[in-house]
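Asker: I have a structure I would like to understand better, so I am pasting it below and will then ask my questions one at a time.
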Amino acid sequence: MDIQVIPVEADQLRTPPTSDFGFCRVFANRMFTQRYAPNRGWYDARIEPYGPLQLDPATVSLHYAQMIFEGMKAYRREDGRINLFRPWENMRRFNNSARRMAMATVDEEEHLAAICKLIDLEAEWVPSETDASLYIRPTMLATDTTLGVKASAAYLHYVIISPVGPYFSEGFNPVSVYITDEYVRAVRGGVGEAKTGGNYAASLYAGEEARKKGYSQVLWLDAIERRYVEEVGAMNICFVYEGRRIVTPPLNGSILPGVTRKSVIELGRHLGYEVVEAQVDVYEMMNDVKSGRITEVFGCGTAAVIAPVGRLGFRDEEIVVSDGLAGPVSHQLFSHLTDIQYGRAPDPFGWIYTIPQNGSA
């Protein structure tokens, strides 16, 4: 792929923040874009100044939500170089989402190369501070201009990047979770396993209701029986039984196949835990937390990595998990994952890709 690099004017250049990053509040000076047409394939690849998109009011993605995105991070190593964590999984999932949304797919190697070139040009935006990283958001929008309900033929693919701190203001401290059996996020046979905007739009109302009740996240149940645990917020969910057995719901078509989830399964087994993919009945789970059989609960995802759960609310009942503290399994998984991501520990799995600097490996 030939990528045209368009200079950023001196008066448009912004300086990256050095502290108080928040989460995706300010974006780097450049972005990657390319377009797709059936008779041309992908074309006009460029890295250009970050700025607004020009979209016709009839653009189909604005009306029928034919869009997808990804979420991944870049990490500053102690030697100054920059790591990506399992980027091939994100490239593959991006295309799987595209197929489910009847969109054009991208060349996965070219997609990764474009991200690396963008980060190499904007390397100063990758933080060096502890627990900070660079969030990467590849996105694809359908760009046909028609109000007919059908798959678009034309697409815009772009990538924006932003320095971030911890996703939750609590940092690596337990979050509170409200379990809803009134609202559902996704159903098997739908688009729950695709990273598309509609999944997240479906979660907003229940999320606001949970916040009014004093909780920071929503735990979703299955849409049919409203009994079996699926996801927590925008993360996958795990339960630790008696400190040794980790259980996470199986991928059933309505659960997003998380890259961090997959890593927790592989790392957990490597560390000697029994890791099982199995249905979790919400009523049994609540009883197991109260009895102490479940010793920890945690969410896992790119943004937070590991998010311990300290409090669960369901209907009119509230229970405390692990004395409201982050447990040893959550701590161990978080430490091992982040040490690998930042290059502080060996990577026995081949998960890390270190971005070439100025074209040299």
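Asker: Hey, does the range 38-59 have a residue that's within 26 Å of the chain's Cα centre (by Cα), basic (Lys, Arg) and at pLDDT below 95?
Answerer: Checking the range 38-59: not a single residue is within 26 Å of the chain's Cα centre (by Cα), basic (Lys, Arg) and at pLDDT below 95.
Asker: Report, by residue number, each residue of the range 72-89 that is surrounded by 18 or more Cβ atoms within 10 Å (Cβ to Cβ) and not aliphatic (A, V, I, L, M).
Answerer: Initial filter on the range 72-89 (surrounded by 18 or more Cβ atoms within 10 Å (Cβ to Cβ)): 72-76, 82-87, 89.
Once the filter is applied, which keeps residues that are surrounded by 18 or more Cβ atoms within 10 Å (Cβ to Cβ) and not aliphatic (A, V, I, L, M), the range 72-89 yields Lys73, Tyr75, Arg76, Asn83, Phe85, Arg86, Pro87, Glu89.
Asker: Suppose the filter is farther than 22 Å from Gly80 by Cβ, modelled with pLDDT of 95 or more and either assigned by TED's automatic domain parsing to the domain that holds Asp56 or within 21 Å of the chain's Cα centre (by Cα) (or both); does Asp120 pass it? Walk me through how you get there before you give the answer.
Answerer: Values: farther than 22 Å from Gly80 by Cβ: no; modelled with pLDDT of 95 or more: yes; either assigned by TED's automatic domain parsing to the domain that holds Asp56 or within 21 Å of the chain's Cα centre (by Cα) (or both): yes.
Taking the combined requirement at face value, the residue does not satisfy it.
Asker: Further question on the same structure: Which count do you get for residues in the range 125-180 that are of a type in the set (Val, Ile, Thr) and part of a strand (DSSP E or B)? Break it down stepwise before answering.
Answerer: We begin by selecting, within the range 125-180, every residue of a type in the set (Val, Ile, Thr); these are 126, 130, 136, 139, 143, 145-146, 149, 159-161, 164, 175, 177, 179-180.
With part of a strand (DSSP E or B) added as a condition, the list becomes 136, 139, 145, 159-161, 164, 175, 177, 179-180.
Total meeting the criteria: 11.
Asker: Has the range 52-66 got any residue that is in contact with a Pro (Cβ under 9 Å, 6 or more places away or on another chain) and surrounded by fewer than 22 Cβ atoms within 10 Å (Cβ to Cβ)? Please lay out each step first, then the result.
Answerer: Residues of the range 52-66 in contact with a Pro (Cβ under 9 Å, 6 or more places away or on another chain): none.
No, every residue in the range 52-66 fails to be in contact with a Pro (Cβ under 9 Å, 6 or more places away or on another chain) and surrounded by fewer than 22 Cβ atoms within 10 Å (Cβ to Cβ).
Asker: Filter the range 247-272 down to the residues that are within 20 Å of His331 (Cβ to Cβ) and among the hydroxyl-bearing types (Ser, Thr, Tyr) and list them by number.
Answerer: Within the range 247-272, Thr248, Thr260, Ser263 meet the criteria.
Asker: Which is in contact with a Leu (Cβ under 6 Å, 6 or more places away or on another chain) and touching a residue at least 40 places away in the same chain (Cβ under 8 Å), of Val280, Val309, Val297, Val305? Before the answer, list the steps.
Answerer: Details: Val280 fails: in contact with a Leu (Cβ under 6 Å, 6 or more places away or on another chain); Val309 fails: in contact with a Leu (Cβ under 6 Å, 6 or more places away or on another chain); Val297 fails: in contact with a Leu (Cβ under 6 Å, 6 or more places away or on another chain).
That would be Val305, the only listed residue that is in contact with a Leu (Cβ under 6 Å, 6 or more places away or on another chain) and touching a residue at least 40 places away in the same chain (Cβ under 8 Å).
Asker: As an exercise: evaluate Asn236 against (1) assigned to a loop (DSSP other than H, G, I, E, B); (2) of a type outside the set (Lys, Arg); (3) surrounded by 15 or more Cβ atoms within 10 Å (Cβ to Cβ) and give the number of the one condition it does not meet.
Answerer: Condition not satisfied by Asn236: (1).
Asker: Name the residues in the range 92-103 that are touching a residue at least 60 places away in the same chain (Cβ under 8 Å) and surrounded by fewer than 21 Cβ atoms within 10 Å (Cβ to Cβ), would you?
Answerer: Asn96, Arg100
Asker: For Thr260, only one of the following conditions fails: (1) in contact with a Cys (Cβ under 8 Å, 6 or more places away or on another chain); (2) not in a helix (DSSP H, G or I). What is its number?
Answerer: (2)
Asker: Would you mind stating whether Ile340 is of a type outside the set (Asp, Glu), surrounded by fewer than 20 Cβ atoms within 10 Å (Cβ to Cβ), under 19 Å from Pro127 (Cα atoms) and in contact (Cβ under 8 Å) with a residue 40 or more places away in the chain? Break it down stepwise before answering.
Answerer: Numbers: of a type outside the set (Asp, Glu): yes; surrounded by fewer than 20 Cβ atoms within 10 Å (Cβ to Cβ): no; under 19 Å from Pro127 (Cα atoms): yes; in contact (Cβ under 8 Å) with a residue 40 or more places away in the chain: yes.
Here the answer is no, as Ile340 does not meet what is asked.
Asker: Here's another thing I want to ask about it. For the range 96-109, how many residues meet the condition of being in contact with a Ser or Thr (Cβ under 8 Å, 6 or more places away or on another chain) and in a loop (DSSP other than H, G, I, E, B)?
Answerer: Of the range 96-109, the ones in contact with a Ser or Thr (Cβ under 8 Å, 6 or more places away or on another chain) are 97-101, 103.
Adding the requirement that they be in a loop (DSSP other than H, G, I, E, B) leaves 101, 103.
Residues that pass the stated criteria total 2.
Asker: Please go through the range 142-187 and pick out each residue that is touching a residue at least 40 places away in the same chain (Cβ under 8 Å) and aromatic (Phe, Trp, Tyr).
Answerer: Tyr155, Tyr158, Tyr167, Phe168, Phe172, Tyr178
The values are calculated or read from the model by the stated rules, or taken from the named source; none is laboratory data. Computed from a predicted structure; not experimentally measured. When we count neighbours, we look across all protein chains shown, and the Cβ atoms used for this are built from the backbone with ideal geometry, even at glycine.
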